[in-house]
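**Q** Can you keep this structure in mind? I'll have questions shortly.
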Amino acid sequence: MLKKFFLLCSGADKEIIESCSNGEQNKYAGIGATVFFTAVMAFIAGSYALYTVFDNVYTAVFFGIVWGLLIFNLDRFIVSTIKKRDSFLDELIQASPRIVLAIIIAIVISKPLEIKIFEKEINTVLLKEKNEMAMNNKKQVANYFQSDLDQNKAQIDSLKSDVLKKEKEVNDLYAVFITEAEGTAGTKKLGKGPVYKEKRDKHDAALQELATLKTTNQTKITELEEKGKTLQTDLDKKIAETQPIIDGFDGLMARINALGDLPWLPSFFIMLLFLAIETSPIIAKLLSPKGEYDFKQEEGELAVKNVLSQNKYQSDLQKQTDASIYDKVYADIREDKGLYDYKKKRAIELLELQADGFVEKQKKSL
C-alpha cells in the first residue's frame, strides 16, 4: 500500500510501472518518497512562516497545507517530465529549468525552518534591536515635546527669579533702615528720625509688593507646573502608545533580517541540505542509466508517433487522390459541347440586357 502511494507520488505511469520489475518499482518508489517528504517539510515550513504572520494556528495550518500541496504538485511535475535521452547533455539541458525551479523551492522551504532552528539566537538579535528602537523612540518623542517643556520651564524659572530679585530688594531695604536706626550708616544718627521713617516706609511698601508678587507668581507657577505635568503625561502616553508597535517587531521579515545578522555558515549548510533533498530526484534520474520503465515509456511514445505518422501519410495521400479525381472531372466538363453552348447563350443574353440598359440611360439623359 505504501509502495503504491510513493509510486503515485513519483508521477510514473501506473500501467507501465506495474508491468516493470520489482527493482524498477523500488527506484521510482524512492523518488516518490523524496517528493512526498519534501512536501511534508514544505508544509511544516509554510505553517511556521505563516504563523509568524497571522499568529493563528488554524489559519497557519490551513495555508501550510495549501503550500505543501503546491510544492508536492510542482515536484511531482518536475520529476515526471524528465525523460531519459541518448545524450547526457540533452538530458541536462532538458532538466536545467527544473533544477533552477528546484533550487528556488529549496531556498523558500529552508528559510522558515532556519528561522525556527535558530529561534533563540534570533530572539536575542530582535531584543537588542527592540531596545535600540525603544531608546530612539523615546528620544524622538522627547524631542517632539522638548520645545514646549523647555519653554514651560523657562517661564517658571523666570517667575521664581522675579520673586528672588524682589526678596533681595526687600532685604536690602531692611538692612538700610536698620542701619539707619542704629546710626551705623546713612545719617549715622542713633534713633528713629525722619530719614529712618522714610526708609522704613519704602521697605514696607516693597514688602507689600513682594507679598503680592509671590501670590501672583505662585498662581502662575502652579498653572505652569500643571501644564508641565500635562506635557509630561502626553509624552509618556505617546511612548506607551508606540511601544506595542516596537514590541510587535518580530514578524517574518524582521526574523529573516535577524537571521542575516547571525553567522552565515550554519544557515548555509541547512539550505544546502534542503537543496540536496529537493534536487535529489532530478539528479537521480539524470545519473541513472535507462531502465525498464524508460524503455517501455519510449516504446509507447514511438507507437503513438508511428500511428500519428501513418495517419498523416494516409491523410496526405487521400488529399492527393481527391485532387487528381477532381482535376480529371473538371477537365472532362471543360470539353463538353452542350455545356459550352448553354453558357455561351446565357452570356449573350446578359450582354444584350446590359446594352439595352445602357441605351435607356442615355435616352433619359438627353
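**Q** With only Lys, Arg, Asp and Glu charged, each at its Cβ (+1 for the first two, -1 for the last two), find how big the charge dipole of the chain is about the Cα centre; round to the nearest 20 debye.
**A** So the dipole magnitude of the chain works out to roughly 660 debye.
**Q** For a quick size check, give me the Cα extents of the range 307-365 along its three principal axes, largest first, whole Å.
**A** Cα extents, longest axis first: 72, 29, 8 Å.
**Q** So what's the net charge close to Leu69: Lys and Arg +1, Asp and Glu -1, counting the other residues with Cβ under 15 Å from its Cβ?
**A** For residues surrounding Leu69, the net value is 0.
**Q** Could I ask something else about it? Using the structure shown, select from Lys14/Lys84; Lys83/Lys285; Lys4/Lys305; Lys165/Lys227; Lys165/Lys202 the pairs with a Cα to Cα distance greater than 20 angstrom.
**A** The pairs that break the limit, which is 20 Å between Cα atoms, are Lys4/Lys305; Lys165/Lys227.
**Q** Something else: Using Cα positions and a limit of under 27 Å, work out the lysines in reach of Lys128, with same-chain residues fewer than 8 apart set aside.
**A** Lys111, Lys116, Lys120, Lys138, Lys139, Lys237, Lys238
**Q** Please report the relative contact order for the chain, taking Cα pairs under 8 Å with a sequence separation of at least 6, and give it as a percent rounded to a whole number.
**A** Reported relative contact order: 22 percent.
**Q** Once Lys and Arg get +1 and Asp and Glu get -1 on their Cβ, which of Thr219, Ile103, Val40 lies farthest toward the positive end of the dipole of the chain?
**A** Thr219
**Q** Under 17 Å Cα-Cα from Lys296, which aspartates and glutamates qualify once same-chain neighbours fewer than 8 residues away are excluded?
**A** Asp13, Glu15, Glu18, Glu24, Asp86
**Q** Let me ask you something else. Place +1 on the Cβ of every Lys and Arg and -1 on the Cβ of every Asp and Glu in the range 283-332, take the dipole about the Cα centre, and give the residue among Ile283, Leu308, Tyr293 whose Cα lies farthest towards its positive end.
**A** Value: Ile283.
**Q** Calculated FRET efficiency, Leu69 and Glu298, Cβ-Cβ r, R0 41 Å, to nearest 0.05?
**A** That pair, Leu69 with Glu298, gives E of 0.85.
**Q** What FRET efficiency, computed as 1/(1 + (r/R0)^6) with R0 = 25 Å and r the Cβ-Cβ distance, is obtained for Ala240 and Gln218, rounded to the nearest 0.05?
**A** 0.20
**Q** With r defined as the distance between the Cβ atoms of Lys4 and Phe54 and R0 fixed at 41 Å, what FRET efficiency is calculated, to the nearest 0.05?
**A** 0.65
**Q** Further question on the same structure: With charges set only on the Cβ (+1 for Lys and Arg, -1 for Asp and Glu), what does the dipole of the range 307-365 come to about its Cα centre, in debye to the nearest 20?
**A** Computed charge dipole of the range 307-365: roughly 240 debye.
**Q** Starting from the 7 Å offset along Cα-to-Cβ, what nm value, one decimal, do you get for the label separation of Asn26 and Gln94?
**A** Computed distance between label sites Asn26 and Gln94 equals 2.6 nm.
**Q** Once you have all Cα-Cα distances for the chain, histogram them in 10 Å bins from zero and send the whole-percent values.
**A** Computed distribution, short to long bins: 4, 12, 12, 10, 8, 7, 7, 8, 8, 7, 6, 4, 3, 2, 1, 1, 0, 0.
**Q** Could you please rank Cys9, Cys20, placing first whichever residue has the fewest other Cβ atoms within 10 Å of its Cβ?
**A** By the 10 Å Cβ count, ascending: Cys20, Cys9.
**Q** Using Cα centres only, tell me the gap between the range 77-127 and the range 10-69 in whole Å.
**A** If we compute the Cα centre of each part, the gap is 14 Å.
**Q** Put a dot 7 Å past each Cα toward the Cβ at Ala142 and Ser87; how far apart are the dots in nm?
**A** Once both label points are built, they end up 7.3 nm from each other.
**Q** Can you name the helices of the chain, as whole DSSP H runs, whose Cα span along the helix axis is 18 Å or more and whose Kyte-Doolittle mean is not below 0.5?
**A** Sorted by number, the helices that extend far enough and score high enough are 22-54, 57-80, 88-117, 264-287.
Every read-out reported here was derived from the displayed coordinates using simple, explicitly stated rules and does not represent laboratory data. This one's a predicted model, so the numbers in the text were calculated from it and none came from an experiment. A quick note on method: Cβ atoms are made from the backbone with ideal geometry, for glycine too, and the neighbour counts reach across all protein chains shown.
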